[in-house]
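Asks: Please read through the structure below; I'll follow up with questions.
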Amino acid sequence: MNKRLTDKVAVISGGTSGIGEATVELFVQEGARVVFSGRSIEKGKAIAERTGAVYFQADVMSEEDIKGTIQAATDHFGGLDILFNNAGGSTKGPVETVTAAEIEYAWTLLFSSAVLSTKYAVPYMKRRGGGCIINNSSIAGLRDNQGDLMYSSVKAALTHYSKLAGTRLGPEGIRVNVISPGAIATPIFWGGPQVPLEDGEYEGKMGKLQRNLAKASPLGSSGVALDIANGALFLASEEGRFINSHDLVIDGGRTSMFFEKPEQA
């Protein structure tokens with residue numbers, strides 16, 4: 001059976017948990033040579049040992065770390081074909097009390113990180129005659145009541161940026177697409193993997209989260225990280241060769257429903 005990413009070099013940010021971790025595993029299985037970044041050294045090393053991918057400690061809030069991640073891929077594997085800007089996190093900033101610091105944090109984490117990663121990746125992709133860039137956005141950028149104000153607003157900007165970047169880079173053979181997940185059951189709902197949990201607590205919280213999210217889906221089930229990883233694989237593979245400047249919504253039909261915001265874990 002042919003692997004769909006054989007000999008492709010991929011960089012994945014936020015690869016130490018959730019969607020990023022699932023994508024690292026899937027891309028390696030499909031033949032890619034992967035460099036992934038994240039802040040947790042312990043988790044990064046464990047995932048690298050398990051998958052054979054290369055871990056690079058980085059915080060996407062730092063431009064130097066972003067540049068270093070791209071450089072690590074080219075140093076290890078001699079080029080770059082695929083970039084999945086997946087890293088993110090929760091933000092805050094209500095309309096009447098938002099601070100300049102909260103605005104800056106949201107833009108740096110969710111928007112600038114992807115823009116700067118693209119900036120450093122593009123020259124290497126041009127040398128290969130093309131490439132694929134995927135930005136992980138959210139249905140929060142498409143409709144109300146899916147995330148807080150700043151998160152939703154910045155994700156909307158990221159989606160639009162991705163479409164425009166695709167038209168600018170398309171003539172170079174570089175496709176830029178965006179994935180907008182629905183409510184996918186990942187640790188981001190309780191603050192991310194950096195929040196310590198007792199033994200067995202993860203399974204309990206994840207089970208409760210999946211049950212709650214299932215109530216707001218026409219399919220009666222919640223999405224999981226692998227659903228988004230499969231979407232990224234499709235866009236990065238030859239099957240996605242003619243897809244550019246596109247927003248791939250993976251939400252089980254959630255954006256077509258009217259519903260109350262589900263209780264979180």
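The values are calculated or read from the model by the stated rules, or taken from the named source; none is laboratory data. On a predicted model such as this, the values are computed, not experimentally measured, just so you know. Don't worry about glycine lacking a Cβ; one is built from the backbone with ideal geometry, like all the others, and counts go over all protein chains shown.
Asks: For the stretch 211-236, give me each residue that is surrounded by fewer than 22 Cβ atoms within 10 Å (Cβ to Cβ) and under 18 Å from GLY170 (Cβ atoms).
Replies: Result: no residue meets the conditions.
Asks: Collect the residues in the stretch 112-142 that are assigned to a helix (DSSP H, G or I), over 21 Å from ASP65 (Cα atoms) and in contact with a Lys or Arg (Cβ under 7 Å, 6 or more places away or on another chain), keeping them in residue-number order.
Replies: ILE139, ALA140, GLY141, listed by residue number.
Asks: Which one is farthest from ILE184 (Cα to Cα), of the residues in the stretch 215-231 that are among the hydrophobic types (A, V, I, L, M, F, W, C) and touching a Gly at 6+ places or on another chain (Cβ under 8 Å)?
Replies: LEU219
Asks: Still on this structure, I have one more. Return the only residue of LEU80, LEU109 being more than 20 Å from THR186 (Cβ to Cβ) and touching a residue at least 12 places away in the same chain (Cβ under 8 Å).
Replies: Of the residues listed, the single one that is more than 20 Å from THR186 (Cβ to Cβ) and touching a residue at least 12 places away in the same chain (Cβ under 8 Å) is LEU80.
Asks: Quick check on the stretch 82-120: of everything there that is in contact with a helix residue (DSSP H, G or I) (Cβ under 7 Å, 6 or more places away or on another chain) and among the charged types (D, E, K, R), which residue is nearest to SER137 (Cα to Cα)?
Replies: LYS92
Asks: Which pairs turn up if I take residues in the stretch 1-30 that are without any contact (Cβ under 8 Å) to a residue 12 or more places away in the chain and look for partners that are in a loop (DSSP other than H, G, I, E, B) with beta carbon separation below 9 Å, at least 6 apart in sequence or on another chain?
Replies: ASN2/GLY31
Asks: Mind listing just one residue for me: the one in the stretch 147-186 that is free of Cβ contacts under 8 Å to residues at least 60 places away in the same chain and not in a helix (DSSP H, G or I) and, of those, nearest to ASP81 (Cα to Cα)?
Replies: Only one residue tops the list, namely ILE174.
Asks: Now for a separate question. Just one of the numbered conditions (1) surrounded by 12 or more Cβ atoms within 10 Å (Cβ to Cβ); (2) over 14 Å from the mean Cα position of the chain (by Cα); (3) at pLDDT below 75; (4) under 21 Å from ASP144 (Cα atoms) is not true of GLY207; which one?
Replies: If we test GLY207 against (1) surrounded by 12 or more Cβ atoms within 10 Å (Cβ to Cβ); (2) over 14 Å from the mean Cα position of the chain (by Cα); (3) at pLDDT below 75; (4) under 21 Å from ASP144 (Cα atoms), just (4) comes out false.
Asks: Considering only the stretch 209-252, state which residues are of a type in the set (Asp, Glu) and touching a Ser or Thr at 6+ places or on another chain (Cβ under 9 Å).
Replies: First pass over the stretch 209-252, keeping only residues of a type in the set (Asp, Glu): 227, 238-239, 247, 251.
Within the stretch 209-252, ASP247, ASP251 qualify.
Asks: Could you check MET150 against (1) modelled with pLDDT of 95 or more; (2) closer than 25 Å to GLY252 by Cα; (3) of a type in the set (A, V, I, L, M) and say which number it fails?
Replies: Every condition holds for MET150 apart from (1).
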